Amino acid sequence: MENVFDYEDIQLIPNKCIVDSRSECDTSVTLGRHSFKLPVVPANMQTIIDERIAIKLAQEGYFYIMHRFDPEKRMDFVRMMKGKELITSISVGVKEEEFDFVDQLKNEALVPDYITIDIAHGHSNSVIEMIKYIKTHLPESFLIAGNVGTPEAVRELEHAGADATKVGIGPGKVCITKIKTGFGTGGWQLAALRWCAKAASKPIIADGGIRTHGDIAKSVRFGASMVMIGSLFAGHEESPGETVEKDGKKYKEYFGSASEFQKGEKKNVEGKKMYVEYKGPLRHTLKEMEQDLQSSISYAGGDRLDAIRTVDYVMVKNSIFNGDNVY
Ligand SMILES: NC(=O)C1=CN([C@@H]2O[C@H](COP(=O)(O)OP(=O)(O)OC[C@H]3O[C@@H](n4cnc5c(N)ncnc54)[C@H](OP(=O)(O)O)[C@@H]3O)[C@@H](O)[C@H]2O)C=CC1
Ligand SMILES: Nc1nc2c(ncn2[C@@H]2O[C@H](COP(=O)(O)O)[C@@H](O)[C@H]2O)c(=O)[nH]1
């Protein structure tokens, strides 16, 4: 692969505006049988989403994916969301007991609208086996499989039956995979997304490395249908992470799903913990994301998200911020 680049290395080129106000721009996206307000999903991590946030997001028309780290609560979660007539979207792993969980969902006729297979190295026989199992037993569920970082992996998971693939190995804020293993898409996630998107025949979710709202538009330009975000969603009033105070300032914890804090042991650790500044209510961030994306659409010269997909771009090689801070 030549000419790799990341979010910071790219600027999108504006087209003539066709709207009189950014409020005319429609940021909604369709994934599977449902449409959502934004092409954005908070990461399925324990310090990013919990039941309360899932309910709120679903009620307000945003996509969500519940994490898989309280396995004993998942059946009740699906039951509860279905009882409220809300979209059900859960995560699974690939260990033996996860196959039993799929059986249980089938036996109780609790078919989730969305299932995400959430594994570090998604290009593997265990994931392919799980894709086939879910597609056989819960064929009505929209199945997202990941994470991967190559066109071969995208093709293989799609071929096995995945309805969407999730791209990103190592670009995450609390990820240390790149440091501990030397592998991944960290540092060239946007180029990896483009590489994978060219091979994909189904939607791609770009996962990890989003540091600004402009990166959402860039992901869409380079082939993402949806963008999964952790760090920008950490630190909110509603965020499940612990809140701490230092020098009169509030912070909230954000830790990796493969960190010692998540695993409870120091084995195959590929994630770390950090504290992010307290950001206030989640709805403010979602609103700002929507407004910024509406603005992106207007610069793209359209009034719908698709307008971004074809804009020209230039490579500015790490010079976008010209030494300035992001905010
Ligand atoms: N997007 C990313 O860059 C990354 C994300 N993560 C996140 O961390 C969490 C834990 O992930 P994961 O460890 O996969 O989940 P699990 O701990 O549930 O492991 C799932 C299974 O896959 C095996 N496995 C895990 N990694 C590998 C590998 N590199 N090669 C072969 N087998 C492997 C495990 O066995 P064993 O443990 O014995 O090897 C286990 O049997 C997930 O939420 C994942 O999304 C983690 C790292 C990178
Ligand atoms: N290598 C690791 N990656 C992880 C871990 N926990 C989560 N993740 C991935 O990060 C993104 C979020 O990235 P961000 O840049 O938006 O913060 C998340 O969706 C996972 O794919 C981990 O422990 N190690």
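Scanning the range 74-123 for residues that are free of Cβ contacts under 8 Å to residues at least 24 places away in the same chain and within 16 Å of K166 (Cα to Cα) returns no hits.
The strands (runs of 3 or more DSSP E) located wholly in the range 1-73 that include 3 or more residues which are farther than 30 Å from T88 by Cα and touching a residue at least 60 places away in the same chain (Cβ under 8 Å) occupy 10-12. For the range 136-168, filtering for residues that are within 23 Å of G184 (Cα to Cα), among the polar types (S, T, N, Q) and part of a helix (DSSP H, G or I) leaves 0.
Set side by side, the residues S201, S219 differ, and just one is in contact with a helix residue (DSSP H, G or I) (Cβ under 7 Å, 6 or more places away or on another chain), over 21 Å from G256 (Cα atoms), more than 16 Å from ligand 1 (Cβ to nearest atom) and at pLDDT 95 or above, which is S201. Considering the range 208-281, the qualifying strands (runs of 3 or more DSSP E), each wholly inside and each with 2 or more residues that are within 12 Å of ligand 2 (Cβ to nearest atom) and in contact with a Gly (Cβ under 8 Å, 6 or more places away or on another chain), run over 249-255, 273-277.
Yes/no per residue for (1) more than 18 Å from the chain's Cα centre (by Cα); (2) crowded, with 24+ Cβ neighbours inside 10 Å; (3) within 15 Å of G172 (Cβ to Cβ); (4) away from ligand 1 (no atom under 15 Å from the Cβ):
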site: M228; (1), (2), (3), (4): no, yes, yes, no
site: S239; (1), (2), (3), (4): no, no, no, yes
site: D247; (1), (2), (3), (4): yes, no, no, yes
site: E265; (1), (2), (3), (4): yes, no, no, no
site: K272; (1), (2), (3), (4): yes, no, yes, no
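L86 meets the conditions (1) under 16 Å from the mean Cα position of the chain (by Cα); (2) farther than 19 Å from T136 by Cβ in every case but one. The failed one is (1).
Could you please let me know if A162 is within 12 Å of ligand 1 (Cβ to nearest atom) and crowded, with 24+ Cβ neighbours inside 10 Å? It is false that A162 is within 12 Å of ligand 1 (Cβ to nearest atom) and crowded, with 24+ Cβ neighbours inside 10 Å. In the set (1) of a type outside the set (S, T, N, Q); (2) surrounded by 24 or more Cβ atoms within 10 Å (Cβ to Cβ); (3) closer than 18 Å to Q46 by Cβ, the condition left unmet by M130 is number (3).
The values are calculated or read from the model by the stated rules, or taken from the named source; none is laboratory data. Just so it is clear, the structure is predicted and the values come from calculations on it, not from any experiment. Heads up, the Cβs are rebuilt from the backbone with ideal geometry, glycines too, and the neighbour counts pull from every protein chain shown.
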